[in-house]
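S.K.: Handing you a structure now.
The values are calculated or read from the model by the stated rules, or taken from the named source; none is laboratory data. What you see is a predicted model, and the numbers here were worked out from it, not measured in a lab. Don't worry about glycine lacking a Cβ; one is built from the backbone with ideal geometry, like all the others, and counts go over all protein chains shown. Areas reflect the complete protein model, heavy atoms only, side chains present, ligands, DNA and RNA absent. Shrake-Rupley method; radii C 1.70, N 1.55, O 1.52, S 1.80 Å.
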Amino acid sequence: MPRIALVCEYDGTDFVGYQIQNNGRSVQEEINKAVSSLYKEEIKVTGCSRTDAGVHARHHVCSCDVPFIIPEDKVPFALNAFLPPDVAVKKAVYVRDDFSARFDTLGKTYIYRIYSGPIRSPLKSRYAHHVTFKLDVDKMKDAAAHFAGEHDFAAFCAAGGSQTTTVRRVHSVKVTVSSDDPNLIEIEVSGEAFLYNMVRIIAGTLLYVGIGKILPSDIPMIIDSCDRKLAGKTLPPEGLTLEKVFYKEDI
């Protein structure tokens with residue numbers, strides 16, 4: 001049976017997360033139903049990663065075996081006819097038989113968005129965490145540079161994770177102001193793999209830097225301490241988007 005990889009985009013607001021759970025609708029369940037309806041047999045997809053309830057994705061990859069070939073450019077249109085408005089397949093690629101959307105990932109990029117302004121923006125509230133105070137973006141940029149490299153990120157891991165080690169390699173953390181809105185701050189985190197809530201805790205730590213609660217020069221000490229209590233709070237899920245997943249293949 002041919003194996004296909006699907007690049008999906010979804011608004012995570014009304015999902016319990018990517019993975020199937022008993023307490024509500026999941027992205028995986030919706031895609032399973034769409035793929036099974038299209039190919040007229042039960043098919044289950046394997047995702048590149050789990051995203052928590054409320055977390056969004058611009059480029060989430062899942063894979064499955066299908067009973068027959070539909071041209072790659074036709075697959076998204078066919079599947080989207082079966083999908084709800086808050087999830088869509090953007091691209092389909094036939095891959096090698098042993099390809100795994102989960103285990104073949106080379107890295108991921110996430111962006112956490114913070115809307116900084118005295119008045120909330122209803123048009124951004126589903127996709128950015130709102131704070132009413134002004135943030136020192138320059139200090140946040142200085143602090144972000146300290147995260148790159150291979151470190152024990154135990155201080156940036158929430159309780160409840162299933163990891164066997166808290167050592168991770170982070171390629172870069174960048175803080176920028178959106179070109180579309182000067183009040184929208186984007187924290188881009190790229191790395192090989194991440195701990196439970198790691199990106200949201202890094203964002204929370206940089207938020208504390210932005211308000212002066214943590215100094216940029218404190219970041220190496222916090223990393224070395226492996227003490228969760230020294231890092232910032234875990235920011236809420238709506239600000240987080242999985243932006244890109246990387247493979248050897250062009251997916």
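S.K.: Using amide H atoms built in the peptide plane, which far-off residues or other-chain residues are under 5 Å from Tyr196 H to H?
M.R.: Ala158
S.K.: With a cut-off of 18 Å, note down the residues of the range 1-27 whose backbone N falls inside the zone around a label point 7 Å from the Cα of Lys40 toward its beta carbon.
M.R.: 2
S.K.: Follow-up. Would you tell me the accessible area of Glu243, worked out with a 1.4 angstrom probe on the heavy atoms of the protein chains, in Å² to the nearest 10?
M.R.: Approximately 30 Å² of Glu243 is accessible to the 1.4 Å probe.
S.K.: Which value in deg cm²/dmol, rounded to the nearest 500, describes the helix-derived mean residue ellipticity at 222 nm for the chain, given -39,500 (n - 2.57) per DSSP H run of n ≥ 4 and division by the residue count?
M.R.: The helix-only estimate for the chain comes to -5500 deg cm²/dmol at 222 nm.
S.K.: Could you give the accessible area per residue of the range 155-198, probe 1.4 Å, as a whole number in Å²?
M.R.: Per residue, the range 155-198 has an accessible area of 49 Å².
S.K.: Once the Cβ-Cβ distance between Ile211 and Lys33 is put in as r, and R0 is 45 Å, what FRET efficiency do you end up with, to the nearest 0.05? Mind showing how you got there, number by number?
M.R.: Numbers: r = 44 Å, r/R0 = 0.98.
Computed FRET efficiency for Ile211 and Lys33 comes out at 0.55.
S.K.: Can you tell me which lysines have their Cα less than 29 Å from the Cα of Lys91? Leave out same-chain residues fewer than eight positions away.
M.R.: Lys33, Lys40, Lys44, Lys74, Lys108, Lys124, Lys174, Lys244, Lys248
S.K.: I would also like to ask the following. With N set to the residue count of the chain, report its C-alpha Rg divided by 2.2 N^0.38 Å to two decimal places. Before the final figure, lay out the partial values.
M.R.: Working: Rg = 19.0 Å, N = 251, 2.2 N^0.38 = 18.0 Å.
Relative to the rule-of-thumb radius for its length, the chain sits at 1.06.
S.K.: Oh, and also: Can you tell me the 0 to 90 degree angle between the C-alpha axis of helix 27-39 and the longest principal axis of the chain, rounded to 10?
M.R.: 20
S.K.: Separate question: Rounded to the nearest 0.05, what FRET efficiency do Arg102 and Asp224 have when you use their Cβ-Cβ distance and R0 = 25 Å? Could you put the intermediate results ahead of the total?
M.R.: On the way: r = 31 Å, r/R0 = 1.24.
Calculated transfer efficiency: 0.20.
S.K.: Between the range 199-250 and the range 50-111, how far is it from one alpha carbon centroid to the other, in angstrom?
M.R.: Cα centres, the range 199-250 to the range 50-111: 27 Å.
S.K.: Let me ask another. Just the C-alpha atoms of the range 1-149: what Rg/Rh do they give, with Rh taken as the Kirkwood radius? Don't jump to the answer; show the numbers that get you there.
M.R.: Working: Rg = 18.2 Å, Rh = 17.2 Å.
Here Rg/Rh amounts to 1.06.
S.K.: Over the heavy atoms of Met1, what accessible area does a 1.4 Å probe trace out, to the nearest 10 Å²?
M.R.: In the full protein context, Met1 sits at about 130 Å².
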